[in-house]
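See below for the structure under consideration.
Read-outs throughout are calculated quantities, based only on the coordinates presented, and are distinct from any laboratory measurement. Because the structure is a prediction, the values reported are computed rather than measured. Glycine also receives a Cβ, built like all others from the backbone with ideal geometry; neighbour counts cover every protein chain displayed.
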Amino acid sequence: MQFLTLLMRNRLAAAGGIVLSLVVLLALVTPLLPLANPDVTDTANRFLMPGAQGHLLGTDHLGRDLLARLLHGTRLSLAVGFAAAFFAAFFGAAIGIIAGYFGGRTDNLIMRGVDMLMAFPYILLALAIVAALGPGLTNALIAVAAVNIPFFARNIRGVTVGLAHKEFVDAARLAGLGHTRIILTEILPNVIPVIVIAMSTTIGWMILETAGLSFLGLGSQPPQADLGSMLGEARGALITNPHTSIVPGAMILVIVMGINLLGDGVRDALDPRLRSGALTRPMPATRVERKGTIPDQGDGEAVLSLRQLQTQFHVKNRIYKAVGGVDLKVAPGECLGVIGESGSGKSVTALSVMGLVASPPGVITGGAVYFQGEDLVGAPYEHLRSLRGDKVAYIFQDPLATLHPLYKVGDQLIEAIRVHHPVGRSEARARAVALLKQVRIPNAESRIDSYPHEMSGGMRQRVGIAMALANDPEVIIADEPTTALDVTVQAQILSLLDELRRERGLAIVFITHDFGVVAQLCDRVAVMYAGRIVETGPTEAVLNAPAHPYTSRLIACVPELGGGRRRLEAIPGLPPAVDRLEPGCAFAPRCLKASAACREGDIALEGPGMRAVRCIHPEAELEEGVA
Amino acid sequence: MTGYILKRLLSAVPVLLGITVIVFLIMALIPGDPALAILGAYATPENVAKINRDLGLDAPLVARYFIWLGNMLTGDFGTSFSLNRPVIDEVLDRFSATLLLAGTSFLLCTLLGIAAGVISAAKQYGWADKGITFAVLLGISIPSFFLGMMMILIFAVELRWFPVSGMKMAYGGGGFADVANHLVMPAFALAVVATGVVARLSRSAMLEVLRQDFIRTARAKGVREGRVVWGHALRAAMVGIIPVLGIQAGFVLSGAVYIEMVFQWPGVGRMLVDAILKRDILLVQGGVVFVAACYVLFNIAVDVAQSLLDPRIKT
Ligand code: SF4
């Protein structure tokens, strides 16, 4: 779909380019064509309709051949537009280069002037110039060029400032070259592409503007006629003989549209963000394309149970298996830790539960998510939405980005309440204050009217937690909620969460990359690597006797439990790219114990009771753990 | 807030002065005897004597500027010789008509443009998005004066929905219905280009915002999608859209010159064109300075609106 759209865009650009080249070609060869004289009047044959004998497009109010006038007018309009663009670019670039190159006071003075010029609605300036110089095509050209000089000056100055302090310019200066030499040989070649791009984006505009001035009667004067003055002259007979207006008007439309299409295509091609298709917006819920059988719920006690969940990212022709068949469950009052490096798929797993994986490119391709016995994968959006925040709530990392920057935190809390509970504003506000108190925000009554940027990181995250608690959910999924915080604040937040789950019987899924945090909070832990769970068990058991080589390396990275931010870079090598997973154990390239058997086929996640590991040569014998 | 407004107003003073300097310098480009040039076709000996006295035209350039500026500050923009009427009176009359037209268009382009952009972004790659994208391309490519003429042909001549021209307001009376009836076509014709630009920009601003984490938060809260898009996302996108609205106001004001010609609208744009053709320089000068100053003030209003909308801006 996306590919098709891009293709269509390019095809449009190509169409624009072809049309434009045709028009330009036609304008170039006009004098060679066997056309009537565009200025010979023939009052006996006024207003002939298109198709009349000898006049393909008919005649105008003076009986002049419209086709000839159209082609000559096009020629003139194009020439004037190009000339205006050239002069604007020339003088604008000169001013911009001087300002940018010399900097300091020169720059300041010039740019002030440029800003002043830009303070005018452009046509006023153009009209003032034409008023001073008098109507006429040359003067209209000067006016349009002059009005566009500030635009070029500003753009080119920006580029030049960047260049003026590059090594090669400094080197030229040290070599004793004069300013003029440096500008001409070092600066100019580097800004020319920018000038050309700026010209191509403004040229359609200039053609339109000169045509406009001519239309007003301030540009080309009779008998000379560009497209604008043709239209202006035809206006008198608009109602009686519309074809005389439509012919030149349509030509302007065709030219400008061609330029715009071409320009858009070029801009898209030059803008790498657009090309990669990165600028897509996520849909309200993750796309579901479930293949294969739907696994059953398994354990009946769990409030939330993920079964063989598969979530992929489809980017162009590549498929990234971010989550490759994950089983997880959490019971009321229980805290499950999900740990792994960034890119292990732990966050995607968490977001898949409520269909919050950005889509495109995310797609849930298999498995099931049971919440209170009901499979949510592929559930209707409205049903999913009614559960979000009400039964299953999220706490995200970095609350500065995850809270709305322009809403007061109180309003965001109130909204969270009122989405699911039809209570009045004042009651919701009272509840919001109570929530803020519950997460121990001092002066909750006044803090409720703060904006996120007015709070500290720790306070913001408390707001995030309060928001998650707003509707007394059954499950809270916390996605690295303490990563952005310092150690003391982190400890406070963790103990807050711990308390809340004991008080309210919440089930918590805690996503982290820090075993210290897991040790502090979680009853059970699941270790993820390359989109799969490689080890799971009660926290104590896993910490005391990690069985998977990856787990034991992870634990070795934490010198003391709860020691704050711990990066896992200490493990040599990188996690594998999930778009080309080799068969066998994904950890093999980084594993010291890897053997040929490890690379052969799928290794099962097995073990007694609550313990399980996905490894052929585990570090320790698994003992049936006790929660 | 008041302090911020005052600060912004103060900062406009040099810009306003700069505008007068630029206009003055452009007029000084006129070759030959300034009195003769300013009066153009109206250069009778009495007029020449009068203007030399009023503007100190035999004085040096700098002195002339200050005389002119001083006069303007006291509300004296000189006398239009073609109309035999004080420039300021004529400009104020005409500007009110332009304000009605451009103001309506500006509202139209803001509302329609933002709505189209939001829908386009929310339905990215869908049929609505494709349709809007195509309409926008057409809208920004069609010259407004040509569009206006085609609208007259279709809606006034063929369908007879609206009158071609001849609003009674200019001659006193007519009433609201008459004005509204005459306003519809020119206001739409004028709004089309700006609507296209605003729609394009709103679309990309919305696409940018919809990818942000706080949108995911809103969805995770269970907020209805309509409110996510038109509330959370649009609210954040407005921060990027508003400054462009200020620029668009300049384009609407500029386009008004053409539309006023096409629809015989008695506005300041048509006044300027007539004045140029009659070489009534004082009228041009006064009109340009007055409208440019209004535009600068409008942009301050835009800045203030922006600061009201974005609490992160220090006021
Ligand atoms: S299966 Fe083999 S490669 Fe994988 S972790 Fe175990 S020992 Fe290492």
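Tabulated data
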| quantity | calculated |
| --- | --- |
| Total formal charge among the other residues, if their Cβ is under 12 angstrom from that of residue A:437, Lys/Arg +1 and Asp/Glu -1 | +3 |
| Mean separation of Cα contacts under 8 Å (6+ apart) over length of chain A, as relative contact order % | 11 |
| Most to least packed among A:127-135, B:300-308, B:238-246 [average Cβ atoms within 10 Å] | A:127-135, B:238-246, B:300-308 |
| For segment A:313-362, with +1 on Lys and Arg beta carbons and -1 on Asp and Glu, the positive-most of A:315, A:359, A:328 along the dipole | A:315 |
| 5 angstrom amide H check on residue A:477, placed H, neighbours 5+ away | A:393, A:394, A:395, A:509 |
| Relative contact order computed over chain B (Cα-Cα under 8 Å; 6+ residues apart), in percent | 28 |
| Rg and Dmax of segment A:57-275, Cα atoms only, in Å | 20.6, 72 |
| Of the DSSP H helices in chain A, those whose Cα atoms cover at least 15 Å axially and whose Kyte score averages -1.0 or more | A:2-29, A:66-102, A:104-118, A:122-133, A:137-164, A:188-215, A:243-270, A:409-420, A:425-438, A:457-469, A:487-504 |
| Placed amide H near residue A:63: partners under 5 Å, 5+ positions off or other chain | A:42, A:47 |
| Whole-number percent relative contact order across segment B:68-195, with pairs defined as alpha carbons under 8 Å at least 6 apart | 28 |
| Equivalent ellipsoid, the protein assembly as shown (semi-axes from 5 times Cα gyration tensor eigenvalues, Å) | 65, 31, 28 |
| Alpha-carbon centroids, segment A:27-47 and segment A:193-238: separation in whole Å | 20 |
| Net charge over other residues, Cβ less than 14 angstrom from the Cβ of residue B:132 (K, R count +1; D, E count -1) | +3 |
| Count of lysine pairs in chain A with Cα separation under 16 Å (8 or more residues apart, or interchain) | 4 |
| Using a Förster distance of 51 Å, the FRET efficiency for residue A:597-residue A:430 (Cβ separation, nearest 0.05) | 0.20 |
| Pair residue B:21, residue A:423: separation of 7 Å Cα→Cβ label points (nm) | 6.1 |
| Computed lengthening from residue A:239 to residue A:91, 0.36 nm per intervening residue step minus Cα-Cα distance | 49.0 nm |
| Residue B:71 versus residue A:318: modelled label distance in nm, points set 7 Å from Cα along the beta carbon direction | 7.0 |
| Chain B: radius of gyration over Cα atoms, expressed as a fraction of 2.2 N^0.38 Å | 1.19 |
| DSSP beta bridge pairing in the protein assembly as shown, given as percent antiparallel to the nearest 5 | 60 |
| Hits among lysines - C-alpha to C-alpha of residue B:7 under 18 Å, sequence gap 8 or more where chains match | B:314 |
| Computed [θ] at 222 nm, deg cm²/dmol, chain A (DSSP H ≥ 4; -39,500 (n - 2.57); rounded to nearest 500) | -15500 deg cm²/dmol |
| Spin-label pair residue B:312/residue A:41, simplified geometry with 7 Å Cα→Cβ offset, distance in nm | 6.5 |
